[in-house]
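The values are calculated or read from the model by the stated rules, or taken from the named source; none is laboratory data. Just so we're clear, the structure is a prediction, and the values are computed from it rather than from any experiment. Neighbour counts run over all protein chains shown; Cβ positions are idealised from the backbone, glycine included.
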């Protein structure tokens, strides 16, 4: 099952760092948050990624182009008028990565539609390139397979900054609305499983996936909620970034499911 990661936005709310790099490349513990997300999926055996890029996409491409060398011990030998390089560690990740240019100003839905050619005729995983969680990916996929609907959305409870979701019986999602100060309702936590037919709900580059496609899927009874009560945090602001850095440095990051 392929993993699609939305990584093309401008990240304006964390402009302290995003003026230099795409938000998914902002580092937590010396590695981009994008790397953390990919390592998490990989810990569940999902190793094929499609990264939907836009803003400063060359930085993401350069990162993976140099990843093998940067994660290895290397000897550079300039003696005897030579320029030889020896790589001492020859293992990195079991990853296959497609870094796709999905346009500078394309909306989230448009980015998904643009990478349709890289997808198979089977469900795929989708998430945002700026959030980490300890959601049980195996349970999420099993839940999606069990209900037979087109889309599954992980829902979490996370304060009052985001629009909220109205849920019906048997974890169906019936509608979305803007937040209110009194809300304690679940929000879209990303970490989705989608049937390729979901792309038919996307019109063009101007389509915001969180608007018409998800709203129409809900109206059609094709959107199910996977409840996650564990850790979830997006990196929306510098404060969020600093908080994630603190958690990582504590050595107890809930999303670190892999061995060093």
* Verdict on residue 216 being in contact (Cβ under 8 Å) with a residue 24 or more places away in the chain and either within 25 Å of residue 52 (Cβ to Cβ) or in a strand (DSSP E or B) (or both) -> no
* Does residue 230 qualify as being on the phi > 0 side of the Ramachandran plot and part of a loop (DSSP other than H, G, I, E, B)? -> no
* Asked: Among the residues of the stretch 18-38, is any touching a helix residue (DSSP H, G or I) at 6+ places or on another chain (Cβ under 7 Å), free of Cβ contacts under 8 Å to residues at least 40 places away in the same chain and over 25 Å from residue 205 (Cα atoms)?
  -> yes
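Taking only the stretch 248-260 into account, find how many residues are assigned to a helix (DSSP H, G or I) and more than 19 Å from the chain's Cα centre (by Cα). Before the answer, list the steps.
Here is the first cut: in the stretch 248-260, the residues assigned to a helix (DSSP H, G or I) are 248-249.
When the remaining residues are screened for being more than 19 Å from the chain's Cα centre (by Cα), the result is 249.
Result for the stretch 248-260: 1.
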* Asked: Got a sec? Which strands (runs of 3 or more DSSP E) wholly within the stretch 88-182 have at least 3 residues that are within 20 Å of the chain's Cα centre (by Cα), modelled with pLDDT of 95 or more and surrounded by fewer than 20 Cβ atoms within 10 Å (Cβ to Cβ)?
  -> 96-101
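Test residue 208 against the stated conditions and say whether it is more than 18 Å from the chain's Cα centre (by Cα) and either under 22 Å from residue 2 (Cα atoms) or modelled with pLDDT under 95 (or both). Spell out how you get there, then give the answer.
On the way: more than 18 Å from the chain's Cα centre (by Cα): no; either under 22 Å from residue 2 (Cα atoms) or modelled with pLDDT under 95 (or both): yes.
Taking the combined requirement at face value, the residue does not satisfy it.
Yes or no: residue 55 surrounded by 15 or more Cβ atoms within 10 Å (Cβ to Cβ), out of contact with any helix residue (DSSP H, G or I) (no Cβ under 7 Å at 6 or more places or on another chain) and more than 30 Å from residue 121 (Cβ to Cβ)? Walk me through it before giving the result.
Working: surrounded by 15 or more Cβ atoms within 10 Å (Cβ to Cβ): yes; out of contact with any helix residue (DSSP H, G or I) (no Cβ under 7 Å at 6 or more places or on another chain): yes; more than 30 Å from residue 121 (Cβ to Cβ): yes.
Yes: the conditions hold for residue 55.
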* Structure fact -> residue 30 vs (1) at negative phi; (2) more than 17 Å from the chain's Cα centre (by Cα): all pass except (1)
* To do: Give me a count of the residues in the stretch 186-205 that are in a loop (DSSP other than H, G, I, E, B), surrounded by 15 or more Cβ atoms within 10 Å (Cβ to Cβ) and touching a helix residue (DSSP H, G or I) at 6+ places or on another chain (Cβ under 8 Å).
  => 3
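Of all the strands (runs of 3 or more DSSP E) wholly in the stretch 1-82, which have at least 2 residues that are more than 30 Å from residue 141 (Cα to Cα) and touching a strand residue (DSSP E or B) at 6+ places or on another chain (Cβ under 9 Å)? Even if it seems obvious, please write down each step before you answer.
Numbers: elements: 3-7, 48-53, 74-77.
In the stretch 1-82, the matching strands (runs of 3 or more DSSP E) lie at 74-77.
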* Which number in (1) in contact with a strand residue (DSSP E or B) (Cβ under 8 Å, 6 or more places away or on another chain); (2) at pLDDT 95 or above marks the one condition that residue 216 misses? -> (1)
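From the list 10, 63, 49, which residue is closer than 24 Å to residue 210 by Cβ and more than 13 Å from the chain's Cα centre (by Cα)? Quick ask: steps written out before the conclusion?
On the way: 63 fails: closer than 24 Å to residue 210 by Cβ; 49 fails: more than 13 Å from the chain's Cα centre (by Cα).
None of the other options fit; the residue is 10.
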* What number goes with the only condition from (1) at pLDDT 95 or above; (2) exposed (fewer than 12 other Cβ atoms within 10 Å of the Cβ) that residue 42 does not pass? -> (2)
